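Comments concern the structure below.
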Amino acid sequence: MRITQARVIVTCPGRNFVTLKIVTDEGVTGVGDATLNGRELAVAAYLTEHVVPALIGRDPARIEDTWQYLYKGAYWRRGPVTMSAIAAVDTALWDIKGKVAGLPVYQLLGGRSREGVTVYGHANAPDTESVLSEISAYVDRGYRAVRVQTGIPGLESTYGVSGGTAFYEPADAAVPTENVWSTAHYLEHVPSVFARVREEFGPTLKLLHDVHHRLTPIEAARLGRSLEPYALTWIEDPVPAELPEGFRLIRQHTTTPIAVGEVFNTIWDCQQLITEQLIDYIRTTVVHAGGITHLRRIFDLAALYHVRSGSHGATDLSPVCMAAALHVDLAIPNFGLQEYMRHTDETDGVFPHSYHFADGYLHPGEEPGLGVDIDEELAGRYPYRPASLPVNRLRDGTMHSW
Ligand code: GCO
Ligand code: MG
């Protein structure tokens, strides 16, 4: 079998997605997600100009070799653009291998290690009282874990808080919108939210919170300590993770578990955090961390150090990524949790898929391959619209992480 064609499809059914579809001479096809939110066309160009020409004529069965060929062959290793492009190829090749074998991809990864994939949903609301009904809605639907974000009194708008729309889209304008940030207001407010949530929902619902890289290590230590009475499953991205040593300080002060990794692209980005046991959950995902092949390598390293998976699954990762993630989640021994923000009906229409929510779990389904495809004709009806993530400034105008 040979690869005869690879198409890069950019579409915007509500938000932008980049998809690679690999076609073989025997008619078997595979899909991979290549979406990098706010920087989509950089990956599309990388694929079209530099990767696709090198794929034509290759044997699609040689997944590991193709990965190494694209990684080592680029010379300019790592980085989100390169690794998202490699991820798309890798994912599409796993899809093809599954279809050729007549097996869902999780079977090729060693088979089922659990009955279903435990997911967490996003409860966002402007204030504490209104977030309670958001959480209730998830509990009623059978979710066992919920991420909780609220507006901060004194701040006009905060990244990660939707103001009541179920399908939150923060990449809202061609030029980034600007938010104002105050760490003091934030640290004062967040513990009171979780106190109220625990009072309402009791001690066993898994609760999570995303800090979006906004704190310094000592501030994160204070946050973690102030949340200890509410036994969170994790706080996510407490500090920017370019400085892994910074996590030692957080660890010395708090037992609140830590999740990191949605912006990581390779095993090298997480190596120190994992091997020094500075984190509890690693949030790398298929599309941004080099595909199924490399993600599994990261999770295997993590398993040695009691670190569990907690893959990123926001709506800027397409249903192709979600399907691939679920096959990995079902198979690995050290699965922790999977993020699941539901896509809109528009997006689901463009990406028909067999994964589904039942009994409080997501299931990848039993179709050969990944069980997801792209309807190219429908995709063609949604042209790309430039959309950037927002930026954050302190009150005096200083740029700050959002
Ligand atoms: C999350 C994330 C997202 C990201 C988004 C950026 O935990 O779900 O932080 O909301 O901000 O994926 O593109
Ligand atoms: Mg996050």
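The values are calculated or read from the model by the stated rules, or taken from the named source; none is laboratory data. A quick note: this is a predicted structure, and the numbers were derived from the prediction, not measured. All Cβ positions, even for glycine, are placed from backbone atoms using ideal geometry, and neighbour counts span all protein chains on display.
Restricting segment 224-247 to residues that are surrounded by fewer than 15 Cβ atoms within 10 Å (Cβ to Cβ) and charged (D, E, K, R), which is nearest to ligand 2 (Cβ to nearest atom)?
Only one residue fits best here, namely GLU242.
Of everything in segment 292-312 that's buried (at least 24 other Cβ atoms within 10 Å of the Cβ) and touching a residue at least 60 places away in the same chain (Cβ under 8 Å), which residue is farthest from PRO364 (Cα to Cα)?
Among residues in segment 292-312 that are buried (at least 24 other Cβ atoms within 10 Å of the Cβ) and touching a residue at least 60 places away in the same chain (Cβ under 8 Å), the one farthest from PRO364 (Cα to Cα) is GLY310.
Please count how many residues of segment 74-103 are more than 19 Å from VAL8 (Cβ to Cβ) and out of contact with any strand residue (DSSP E or B) (no Cβ under 7 Å at 6 or more places or on another chain).
9
What residue, among those in segment 356-381 that are part of a loop (DSSP other than H, G, I, E, B) and in contact with a His (Cβ under 8 Å, 6 or more places away or on another chain), is surrounded by the most Cβ atoms within 10 Å (Cβ to Cβ)?
LEU370
Results for (1) among the basic types (Lys, Arg); (2) not in a loop (DSSP other than H, G, I, E, B), shown as yes or no for each residue.
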site: ALA302; (1), (2): no, yes
site: HIS306; (1), (2): no, no
site: LEU317; (1), (2): no, no
site: VAL320; (1), (2): no, yes
site: LEU326; (1), (2): no, yes
site: ARG342; (1), (2): yes, no
site: TYR384; (1), (2): no, no
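Which of the residues spanning segment 78-110 are surrounded by fewer than 24 Cβ atoms within 10 Å (Cβ to Cβ) and within 19 Å of GLU40 (Cα to Cα)?
ARG78, GLY79, PRO80, VAL81, THR82
Can you name every one of the strands (runs of 3 or more DSSP E) wholly within segment 73-184 that holds 2 or more residues which are free of Cβ contacts under 8 Å to residues at least 40 places away in the same chain and either farther than 19 Å from TYR355 by Cα or within 16 Å of ligand 2 (Cβ to nearest atom) (or both)?
Numbers: elements: 117-125, 145-150, 178-181.
Those strands (runs of 3 or more DSSP E) span 117-125.
Given THR233, THR177, THR216, THR183, which one is more than 20 Å from the chain's Cα centre (by Cα) and within 16 Å of ligand 1 (Cβ to nearest atom)?
Numbers: THR233 fails: more than 20 Å from the chain's Cα centre (by Cα); THR216 fails: within 16 Å of ligand 1 (Cβ to nearest atom); THR183 fails: within 16 Å of ligand 1 (Cβ to nearest atom).
The unique qualifying residue is THR177.
Residues are listed down the side, and each one gets a yes or a no for (1) among the charged types (D, E, K, R); (2) within 23 Å of LEU326 (Cα to Cα):
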| position | (1), (2) |
| --- | --- |
| ALA54 | no, no |
| GLY57 | no, no |
| PRO60 | no, yes |
| ILE63 | no, yes |
| ASP90 | yes, yes |
| TRP94 | no, yes |
| GLY102 | no, yes |
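For the condition within 29 Å of GLY79 (Cβ to Cβ), out of contact with any Lys or Arg (no Cβ under 7 Å at 6 or more places or on another chain) and in contact (Cβ under 8 Å) with a residue 24 or more places away in the chain, what is the one hit in VAL193, VAL239? Steps first, answer last, please.
On the way: VAL193 fails: within 29 Å of GLY79 (Cβ to Cβ).
Step by step, each of VAL193, VAL239 is checked, and only VAL239 is within 29 Å of GLY79 (Cβ to Cβ), out of contact with any Lys or Arg (no Cβ under 7 Å at 6 or more places or on another chain) and in contact (Cβ under 8 Å) with a residue 24 or more places away in the chain.
Which numbered condition trips up VAL148, out of (1) farther than 18 Å from TYR340 by Cβ; (2) of a type in the set (A, V, I, L, M); (3) within 16 Å of ligand 1 (Cβ to nearest atom); (4) crowded, with 18+ Cβ neighbours inside 10 Å?
The failed condition is (1).
If I go through segment 68-84 residue by residue, how many of them are among the small types (Gly, Ala, Ser) and within 13 Å of HIS294 (Cβ to Cβ)?
Step one: list which residues in segment 68-84 are among the small types (Gly, Ala, Ser), which gives 73-74, 79, 84.
Now narrow it down to the ones that are within 13 Å of HIS294 (Cβ to Cβ): 84.
Going through segment 68-84 one residue at a time, the tally reaches 1.
Quick test for you: out of ILE258, ILE267, pick the one residue that is farther than 22 Å from ALA92 by Cα, under 21 Å from the mean Cα position of the chain (by Cα) and among the hydrophobic types (A, V, I, L, M, F, W, C).
Numbers: ILE267 fails: farther than 22 Å from ALA92 by Cα.
The unique qualifying residue is ILE258.
In segment 178-198, is there at least one residue being surrounded by 21 or more Cβ atoms within 10 Å (Cβ to Cβ), of a type outside the set (Asp, Glu) and either assigned by TED's automatic domain parsing to the domain that holds ASN16 or over 25 Å from VAL391 (Cα atoms) (or both)?
yes
When segment 344-355 is examined, which residues are found to be within 16 Å of ligand 1 (Cβ to nearest atom) and not in a loop (DSSP other than H, G, I, E, B)? Write out each step before concluding.
If we filter segment 344-355 for residues that are within 16 Å of ligand 1 (Cβ to nearest atom), which is where we start, we get 344, 347.
If the condition is that a residue be within 16 Å of ligand 1 (Cβ to nearest atom) and not in a loop (DSSP other than H, G, I, E, B), then THR347 is the only one that fits.
Would you be able to say whether some residue in segment 197-213 is over 16 Å from LEU132 (Cβ atoms), more than 16 Å from ligand 1 (Cβ to nearest atom) and of a type in the set (A, V, I, L, M)?
Scanning segment 197-213, I find no residue that is over 16 Å from LEU132 (Cβ atoms), more than 16 Å from ligand 1 (Cβ to nearest atom) and of a type in the set (A, V, I, L, M), so the answer is no.
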